[in-house]
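Reading through the structure tokens given below for one structure.
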Number of protein chains: 2
Amino acid sequence: MKISSRFTVAVHILALLSIENEAHCTSEWIAGSVNTNPVVVRRVIGQLKKAELVQVRPGTGGAFLTKDIKEITLLDIYRAVDVVEEGELFQMHEHPNPQCPVGANIQAVLEVILRRAQAAMEHVLKEVRLYDVVHILAEKIESSRS
Amino acid sequence: MKISSRFTVAVHILALLSIENEAHCTSEWIAGSVNTNPVVVRRVIGQLKKAELVQVRPGTGGAFLTKDIKEITLLDIYRAVDVVEEGELFQMHEHPNPQCPVGANIQAVLEVILRRAQAAMEHVLKEVRLYDVVHILAEKIESSRS
DNA sequence: CTTGTTGTAACTGATTTGGTTACATCGCTG
DNA sequence: CAGCGATGTAACCAAATCAGTTACAACAAG
């Protein structure tokens, strides 16, 4: 089971908006970079708009960032695209037998541990800013140009 | 997107085998505690067998642990049930445009970061032994008995 | 030989995902 | 003011995955 590519696509889009900030970034153009369908891009951008990370010029089109890339963490993006419910990365089996001592208590025990595991993962995302991604990306682009 | 309940079910099963180690633990009996179908239990036990965490008495049936519960970590169980491929918790979108500088490089940049995030999560699982789960569980059972 | 259990295959319905078509809406521009 | 290009959204689809279920051959013990 994998976390939906919506998340990595969203990071791709935002990095693109940052690096190509002069361009007219239409959904079709972005879709060309991601290699997907423009509607998929618009759906993701819709979620990023709700999270107030981007705006779209009405009528003429084209998306752009609304925040400093130092102010956006990967966790913000991850939350924006709603790819994992808060505290529910791990699925529990519903209704274990309350008559069984193990069944009655296992969920509570696991919940604490698994939330901690999920939090550790999300903590890493929180520590990485879009700025860092763009920065590393720009370095790679620069060095591959030579 | 959630990680399959196979994992939490597997932990439930192993904790049960440890706590009720005198009982004749058939798949049907275990299914009664988990509240699922015996075949689901057998499937999970099949994976736990491959990982050499349990054995099943042939013919007469009944599963039992083959290791000390201090020697089994939640990560071992998580790997046994094969619920997330190694290093692939996050799905990337295939074939971003190599002509686009961002498309050509974004994957490599993200991979490093996302592997780190996944590793952080799995590290927490590695630090928790089945022993710890059983221990907390036994405490809860004891206190709820009063 | 009968009984109880396992291992496995096969099928199901539900859910999610990503892709696609279609279309109303809205600014810009000629 | 009419046409063009872009957006937002609904609707539908195929593929994948899950968990549940039925069915059955194999096996050990009594």
Say whether the condition of being within 9 Å of DNA strand C (Cβ to nearest atom), in contact with a strand residue (DSSP E or B) (Cβ under 7 Å, 6 or more places away or on another chain) and at pLDDT 95 or above is met by at least one residue in region B:64-76. no
If I filter region B:25-33 for residues that are outside any loop (DSSP other than H, G, I, E, B), under 22 Å from A:His93 (Cα atoms), in contact with a Gly (Cβ under 7 Å, 6 or more places away or on another chain) and without any contact (Cβ under 8 Å) to a residue 40 or more places away in the chain, do I get at least one hit? yes
Using beta carbons and a limit of 8 Å, which pairs, at least six apart or on different chains, have the first residue in region B:53-71 and under 11 Å from B:Ser18 (Cα atoms) and the second one away from DNA strand D (no atom under 14 Å from the Cβ) and at pLDDT below 95? B:Phe64/B:Asn21; B:Leu65/B:Asn21
Test A:Ala23 against the stated conditions and say whether it is hydrophobic (A, V, I, L, M, F, W, C), within 13 Å of DNA strand D (Cβ to nearest atom) and surrounded by fewer than 17 Cβ atoms within 10 Å (Cβ to Cβ). yes
Would you mind finding the one in B:Leu74, B:Leu125 that is touching a Ser or Thr at 6+ places or on another chain (Cβ under 7 Å), surrounded by 15 or more Cβ atoms within 10 Å (Cβ to Cβ) and facing another protein chain (nearest Cβ under 9 Å)? B:Leu125
Condition set surrounded by fewer than 13 Cβ atoms within 10 Å (Cβ to Cβ) and over 17 Å from the mean Cα position of the chain (by Cα), scope region B:34-67, selection nearest to the other protein chains (Cβ to nearest Cβ): answer is B:Asn37
Given the condition more than 10 Å from chain A (Cβ to nearest Cβ) and in contact with a helix residue (DSSP H, G or I) (Cβ under 7 Å, 6 or more places away or on another chain), answer yes or no: does some residue in region B:90-103 qualify? no
Among the residues of region B:73-81, is any away from DNA strand D (no atom under 16 Å from the Cβ) and assigned to a strand (DSSP E or B)? yes
Which one is nearest to B:Ser18 (Cα to Cα) among residues in region A:108-118 that are surrounded by fewer than 16 Cβ atoms within 10 Å (Cβ to Cβ) and either facing another protein chain (nearest Cβ under 7 Å) or not charged (D, E, K, R) (or both)? A:Ala108
Could you please find all residues in region B:1-16 being touching a helix residue (DSSP H, G or I) at 6+ places or on another chain (Cβ under 8 Å), facing chain A (nearest Cβ under 10 Å), within 14 Å of DNA strand C (Cβ to nearest atom) and not basic (Lys, Arg)? B:Ile13, B:Leu16
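The values are calculated or read from the model by the stated rules, or taken from the named source; none is laboratory data. As the structure is a computational prediction, the values presented were derived from the model and not from experiment. Cβ coordinates were reconstructed from backbone atoms using ideal geometry, including for glycine residues, and neighbour counts include every protein chain displayed.
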